[in-house]
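> To start, I am sharing the structure in question, which I have written as structure tokens.
Just so it is clear, none of the values below were taken in a lab; they were calculated from the coordinates. What you see is a predicted model, and the numbers here were worked out from it, not measured in a lab. Glycine gets a Cβ as well: all are built from the backbone with ideal geometry, and neighbour counts include every protein chain shown.
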Amino acid sequence: MNTGRIIYRYLTALFVIDVLLQFFLAGAGVFSAGPGTAARDSSTLDPHRFNGMIIMLLALLLLIAALAARGGRWKWALALLVLTVLQPVLAIAGAAGGLHVLNAAVILVVGATLAYRAWRTDRVRPPEPEAAPAAPPAASHAASSPATGEQQ
């Protein structure tokens with residue numbers, strides 16, 4: 001397995017774990033905001049915002065690793081990067097901000113699918129065929145003797 005595929009595999013797993021952390025940070029931030037305070041104006045969402053930047057960076061690294069790994073993985077990694085870059089825009093979109101959560105769910109599903117494929121495909125791959133033997137197999141003891149034509 002080449003280095004690009006190995007890095008890609010581990011980045012997909014890290015990406016999914018970080019997106020799950022992001023869901024936790026969003027919930028913790030929303031439910032920690034004081035009464036009468038808009039959650040987006042509260043500093044309780046600062047960890048969620050900071051981790052969002054990390055997720056975008058991971059998505060970019062995932063695209064680079066997918067290009068290095070080859071095999072068409074880059075198309076879905078590019079889609080994932082576009083979805084993550086769209087997230088902050090949806091967060092400040094006012095009434096359409098509910099799409100922020102739906103887009104996050106799509107990001108999680110796409111990221112998990114990429115991780116599943118990266119880990120399953122590399123493990124299920126058939127082993128390399130072994131080289132053919134150089135010499136024919138040895139004759140059995142039941143072969144006839146060339147001099148007498150009798151069985152041994």
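> Taking other Cβ within 10 Å of each residue's Cβ, how do 119, 76 sort, fewest first? Working shown, then result.
Working: 119 14, 76 17.
Going from sparsest to densest Cβ surroundings: 119, 76.
> With θ taken as phi - 60° and the coefficients 6.51, -1.76 and 1.60, list the Karplus ³J(HN,Hα) couplings across segment 71-82 in order, rounded to whole Hz; mark glycine and proline as x.
Rounded to whole hertz, the list is x, x, 5, 5, 5, 6, 5, 5, 4, 5, 5, 4.
> Determine, for 16, 30, the number of other Cβ atoms within 10 Å of each Cβ, and report the residues in order from fewest to most. Display every interim value, and only then the final one.
Working: 16 21, 30 14.
Going from sparsest to densest Cβ surroundings: 30, 16.
> Which of the peptides 2-14, 43-55 is most tightly packed, and how do the rest follow, going by the mean number of other Cβ atoms within 10 Å of each residue?
So the order, starting with the most tightly packed, is 2-14, 43-55.
> Just to be sure I understand the model, the point goes 7 Å from the Cα along the line to the Cβ. What's the resulting residue 53 to residue 85 distance in nm?
Going from the residue 53 label point to the residue 85 one covers 1.8 nm.
> Projecting each Cα onto the charge dipole of segment 3-124 (Lys/Arg +1, Asp/Glu -1 at the beta carbon, about the Cα centre), which of 28, 118, 103 comes out farthest on the positive side?
Highest projection toward the positive end goes to 118.
> Multiplying the sequence separation of residue 119 and residue 96 by 0.36 nm and subtracting their Cα-Cα distance, what value in nm do you get? Walk me through the intermediate numbers first.
Numbers: separation 23, 0.36 × 23 = 8.28 nm, distance 3.55 nm.
So the chain would gain 4.7 nm between residue 119 and residue 96.
> Once you order the gyration tensor axes a ≥ b ≥ c over the Cα atoms, which shape class does segment 3-124 get: rounded for a/c under 1.5, otherwise prolate or oblate by comparing a/b with b/c?
Numbers: a/c = 2.73, a/b = 2.27, b/c = 1.20.
Prolate.
> Sort 92-100, 109-117 by packing, meaning the average of other beta carbons within 10 Å per residue, with the highest value first.
Details: 92-100: 11.3, 109-117: 18.1.
Order by mean packing, descending: 109-117, 92-100.
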